[in-house]
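Asks: First the structure, then my questions, so here it is.
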Amino acid sequence: MSKNAFAPVIAPPAIVSKAQAVDTKAIQALDSAHYIHSFTDHGDLATRGSRVMTHADGIYVWDSEGKKVLDGMSGLWCVNAGYGRKELADAAYQQMMTLPYYNSFFQTTNVPATKLAAKLASLAPDVGDRSFNHVFYSSSGSESNDTNVRMVRRYWDLMGQPQRKVIIGRHNGYHGSTMAGASLGGMSGMHAQGDLPIPNITHIEQPYYLENVLPGESEADFGVRAAGWLEAKILEIGADKVAAFIGEPVQGAGGVIIPPATYWPEIQRIVDKYGILLISDEVICAFGRLGHWFAYEKFGYKPDLVTFAKGVTSGYIPLGGVMVGNRVASVLIEKGGEFNHGYTYSGHPVACAVALANLELMERENLVGRVKDDIGPYLAKRFTELNNHPLVGRAETCGFTAGLLLVKNKKTMERFNGDLSVGMVCRGHCFSNGLIMRAVGDRMIIAPPLIMTHAQIDELIDLIVKCLDLTYADVQKNGWLA
Ligand code: PXG
């Protein structure tokens with residue numbers, strides 16, 4: 001894309017001072033009175049009040065009490081380019097002043113949406129017959145996975161196999177919070193509310209080595225066995241009824257579950273054997289998170305559909321979509337006629353302009369290459385040093401995601417009683433000490449912005465060690481090691 005394609009048509013406004021005085025108590029009262037948050041116990045929240053985030057820069061965010069926090073989660077796995085990137089704000093401003101909105105229904109398009117589709121197609125590596133030349137847009141990962149369900153069913157209808165309806169996901173996978181997204185995902189807490197999953201979606205066990213390995217089994221053997229659960233499920237359902245398999249390359253919300261290297265190639269062999277479509281949900285893993293533009297390249301498999309969102313705009317504005325491989329696109333386009341599906345904000349010009357600016361920035365700063373060859377390996381080196389800590393059962397990374405399991409006994413890998421919520425104790429220490437690190441059960445996880453320097457990675461590790469030490473002191477004090 002020409003650098004001048006988004007040259008300012010109007011001078012951008014002066015940047016507003018970032019640190020704005022906020023009356024914390026007043027905002028908390030309004031918040032509690034009116035705002036229903038995602039995944040939140042509001043009875044609990046009302047008693048302590050929300051933490052009010054006010055501004056951010058680089059890898060840090062500040063709250064309304066002036067506390068500076070290292071954002072080890074890139075917001076929610078999305079701020080890949082870090083905070084305070086003026087060119088992304090400029091791109092939004094210019095596009096809003098040029099064409100803030102127009103739809104992509106009724107045979108219209110807009111310049112950023114079209115340019116972005118071409119750009120994404122150029123970034124997605126070809127894999128055999130599954131080259132990616134087409135993009136469908138939504139505004140989120142959840143919507144994109146709803147699109148996947150509709151697209152997969154449409155594909156099999158057009159192929160004359162309408163009985164192929166079942167999509168197989170994995171326990172503890174996360175694919176969003178809409179009816180289809182939550183159904184494709186395997187979060188038991190979500191399924192427990194609202195009669196999910198919807199019909200024709202089923203699940204197999206996740207490839208979590210620490211949870212599912214047999215005594216004496218190697219990681220490589222475990223990977224092949226875990227993929228075999230897919231074949232067993234296909235045979236149980238009847239291969240002619242299975243439409244697709246969906247999985248995250250590395251499970252994010254499930255706790256940074258990194259599959260053995262043998263897992264995805266075996267999954268590929270199985271889906272190919274039964275002619276089943278493969279959906280790679282890369283909402284977290286694409287756009288540099290694992291050191292590649294798209295994560296299927298890292299693991300060496302060939303998806304038919306790739307879900308994306310989050311990092312495509314570094315979270316500055318909502319945008320999601322599906323990369324549609326040739327196998328599906330050619331059928332939809334050549335045989336399909338009208339596909340009765342789309343969203344008001346599909347191909348939103350402002351979101352697409354921000355995405356283009358974000359991808360250009362990532363290319364200019366080589367953020368993807370840095371994760372692969374520089375800061376990814378450095379994070380791996382420093383993070384795995386945490387394996388020496390008495391509380392850590394196993395610390396591991398994949399690109400710029402990392403997870404560690406807190407255990408009661410390092411040698412036997414005995415876990416803490418789940419009711420003790422040791423992960424939440426650790427998360428509390430992180431919050432108080434200026435670090436955002438998530439707890440998924442007793443797995444502590446991070447996915448920091450891709451702009452970190454080595455010195456900042458050192459700072460991150462020092463903070464983690466401090467919080468692990470504080471957690472260990474609590475665990476000892478409470479007698480939880482006995
Ligand atoms: N797929 C994957 C792999 C995701 O990680 C979605 C789909 C849904 O995207 P939207 O944009 O609809 O939220 C996600 C989102 C967590 C957490 O607890 C993770 C996500 C969302 C909310 C919480 O780690 N990932």
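Asks: So the label point goes 7 Å from the Cα of ASN478 along Cα→C-beta, right? Which residues of the stretch 422-464 then have their backbone N under 14 Å from it?
Replies: Of the residues in the stretch 422-464, 422-430, 441-443 have backbone N under 14 Å from the label point off ASN478.
Asks: Alpha carbon centre of the stretch 344-371 versus the stretch 257-285: separation in Å?
Replies: 26
Asks: As a test, work out the antiparallel percent of DSSP beta bridges whose residues both lie in the stretch 91-364, rounded to the nearest 5.
Replies: On the way: 11 of 25 bridges.
In the stretch 91-364, DSSP labels about 45 percent of beta bridges as antiparallel.
Asks: Order 30-37, 324-331 from most to least packed using the mean count of other Cβ atoms within 10 Å.
Replies: Numbers: 30-37: 10.6, 324-331: 20.2.
Going from most to least packed, we get 324-331, 30-37.
Asks: Another question about this same structure. Between beta-carbons, use under 12 Å as the cut-off and find the net charge around GLU297, counting Lys and Arg +1, Asp and Glu -1. Please report the intermediate quantities before stating the final value.
Replies: Numbers: positive: ARG130, LYS298, LYS302, LYS372; negative: ASP126, GLU282.
Computed value for this residue: +2.
Asks: Could you tell me which residue out of VAL368, PRO265, TYR208 lies farthest along the dipole of the chain toward its positive end? Charges go on the beta carbon: Lys and Arg +1, Asp and Glu -1, centred on the Cα centre.
Replies: So the residue we want is VAL368.
Asks: Counting only the heavy atoms of the protein chains, how much of PHE431 is accessible to a 1.4 Å probe, in Å² to the nearest 10?
Replies: In the full protein context, PHE431 sits at about 80 Å².
Asks: Once both labels are modelled 7 Å past Cα along the beta-carbon direction, what's the MET424-ASP458 spacing in nm?
Replies: The two pseudo-label positions are separated by 3.7 nm.
Asks: Moving on to the next point. Which value, in debye to the nearest 20, describes the size of the charge dipole of the stretch 266-376 about its Cα centre when Lys and Arg Cβ atoms bear +1, Asp and Glu Cβ atoms bear -1, and nothing else is charged?
Replies: My answer is approximately 160 debye.
Asks: Any chance you could run the full-extension gain for SER32 through ILE333? It's 0.36 nm times the residue separation minus the Cα-Cα distance, nm to one decimal.
Replies: On the way: separation 301, 0.36 × 301 = 108.36 nm, distance 4.86 nm.
That pair, SER32 and ILE333, stretches by 103.5 nm at full extension.
Asks: Given a Förster distance of 35 angstrom, what is the FRET efficiency for THR344 paired with GLU365, based on the Cβ-Cβ distance and rounded to 0.05?
Replies: Details: r = 33 Å, r/R0 = 0.95.
That pair, THR344 with GLU365, gives E of 0.60.
Asks: I've got another one for you. In the neighborhood of GLY399, defined by Cβ-to-Cβ distances under 9 Å, what is the net charge if each Lys or Arg adds +1 and each Asp or Glu adds -1? Could you put the intermediate results ahead of the total?
Replies: Numbers: positive: ARG289, LYS298, LYS372; negative: none.
The answer is +3.
Asks: Also, I was wondering about something else. With point charges of +1 on the Cβ of Lys and Arg and -1 on the Cβ of Asp and Glu, referenced to the Cα centre of the chain, which listed residue (ALA244, SER218, ASN387) lies farthest in the positive direction of the dipole?
Replies: Projecting each Cα onto the dipole axis, the largest value belongs to ALA244.
Asks: Then there is this: If I model a spin label at THR109 and GLN163 as a point 7 Å from the Cα along the Cα→Cβ vector, what separation in nanometres do I get?
Replies: That separation, rounded to one decimal, is 3.9 nm.
Asks: Using Cα-Cα distances under 8 Å and only pairs 6 or more residues apart, what relative contact order does the stretch 91-364 have, in percent? Mind dumping the intermediate values first?
Replies: On the way: 523 pairs, mean separation 79.6, N = 274.
Worked out over the stretch 91-364, it gives 29 percent.
Asks: Please compute the contact order of the chain in relative form: average sequence separation of alpha-carbon pairs under 8 Å and at least six residues apart, divided by the residue count, as a percent.
Replies: Numbers: 903 pairs, mean separation 90.2, N = 482.
The normalised contact order for the chain reaches 19 percent.
Asks: Quick one: of the DSSP bridges fully inside the chain, what percent are antiparallel, nearest 5?
Replies: Close to 65 percent.
Asks: Residues with beta-carbon under 15 Å from that of ILE201, excluding ILE201: net charge, scoring Lys, Arg +1 and Asp, Glu -1?
Replies: Values: positive: ARG150, ARG153, ARG164, LYS165, ARG170, LYS233, LYS241; negative: ASP146, ASP195, GLU236, ASP281.
Charge balance near ILE201 sits at +3.
Asks: What is the gain in length, in nm to one decimal, between LYS410 and GLU385 on full extension, counting 0.36 nm per residue of separation less the C-alpha to C-alpha distance? Before the final figure, lay out each step's value.
Replies: Working: separation 25, 0.36 × 25 = 9.00 nm, distance 1.44 nm.
Contour length minus Cα-Cα distance gives 7.6 nm.
Asks: Can you give the extra length, in nm with one decimal, that the chain gains between LEU214 and ALA118 once fully stretched, where that is 0.36 nm per residue apart less the Cα-Cα distance?
Replies: Values: separation 96, 0.36 × 96 = 34.56 nm, distance 4.61 nm.
Stretched fully, the LEU214-ALA118 segment lengthens by 30.0 nm.
Asks: Given only helices, namely DSSP H runs of n ≥ 4 each adding -39500 (n - 2.57), what is the per-residue ellipticity at 222 nm of the chain, to the nearest 500 deg cm²/dmol?
Replies: Value at 222 nm, helices only: -12000 deg cm²/dmol.
Asks: Related question: Using a simple charge model, +1 on the beta-carbon of Lys and Arg, -1 on the beta-carbon of Asp and Glu, nothing else, what dipole does the chain show about its Cα centre, in debye to the nearest 20? Before the final figure, lay out each step's value.
Replies: On the way: 44 positive and 48 negative charges, 41 e Å.
Around 200 debye, computed over the chain.
Asks: Right, next: Between LEU76 and LYS25, what FRET efficiency comes out of the Förster formula 1/(1 + (r/R0)^6) with R0 = 22 Å and r the beta carbon distance, rounded to 0.05? Could you put the intermediate results ahead of the total?
Replies: Values: r = 26 Å, r/R0 = 1.18.
After rounding to 0.05, the efficiency reads 0.25.
Asks: Give me the percent of the accessible area of the chain that comes from carbon and sulfur atoms, probe 1.4 Å, all protein chains in place. Kindly include the intermediate steps, with their values, before the conclusion.
Replies: Numbers: 11200 of 20230 Å².
Looking at the chain in its full context, I get 55 percent from C and S.
Asks: With a point put 7 Å past each Cα toward its Cβ, work out how far MET53 is from GLU236 in nm, to one decimal.
Replies: Rounded to a tenth, the inter-label distance reads 3.9 nm.
Asks: Could you give the dipole magnitude of the stretch 91-364 about its Cα centre, charging the beta-carbon of Lys and Arg +1 and that of Asp and Glu -1, in debye to the nearest 20? Don't jump to the answer; show the numbers that get you there.
Replies: Numbers: 21 positive and 25 negative charges, 105 e Å.
Computed about the Cα centre, the dipole is about 500 debye.
Asks: Shifting gears a bit: When a/c is below 1.5 the answer is rounded, else prolate if a/b is larger than b/c, else oblate, so apply that to the stretch 211-296 with a ≥ b ≥ c taken from the square roots of the Cα gyration tensor eigenvalues. Working shown, then result.
Replies: Working: a/c = 2.04, a/b = 1.16, b/c = 1.76.
Oblate is the answer for the stretch 211-296, as a/c is 1.5 or above yet b/c matches or exceeds a/b.
Asks: Here is a follow-up. In the chain, with Lys and Arg counted as +1 and Asp and Glu as -1 at Cβ, which of these residues, GLY479, VAL324, MET444, has the Cα nearest the positive end of the dipole, that is, farthest along it?
Replies: VAL324
Asks: Using packing as a proxy for protection, rank 181-191, 223-233, 165-175 so that the peptide with the highest average count of other Cβ atoms within 10 Å comes first. Please list the in-between numbers first.
Replies: Working: 181-191: 21.0, 223-233: 18.9, 165-175: 23.4.
Result, highest mean first: 165-175, 181-191, 223-233.
The values are calculated or read from the model by the stated rules, or taken from the named source; none is laboratory data. Just so we're clear, the structure is a prediction, and the values are computed from it rather than from any experiment. Reconstructed Cβ throughout: ideal geometry from the backbone, glycine too, with neighbour counts over all protein chains shown. Calculation scope for accessible area: heavy atoms of the full protein, side chains included, ligands and nucleic acids excluded. Shrake-Rupley method; radii C 1.70, N 1.55, O 1.52, S 1.80 Å.
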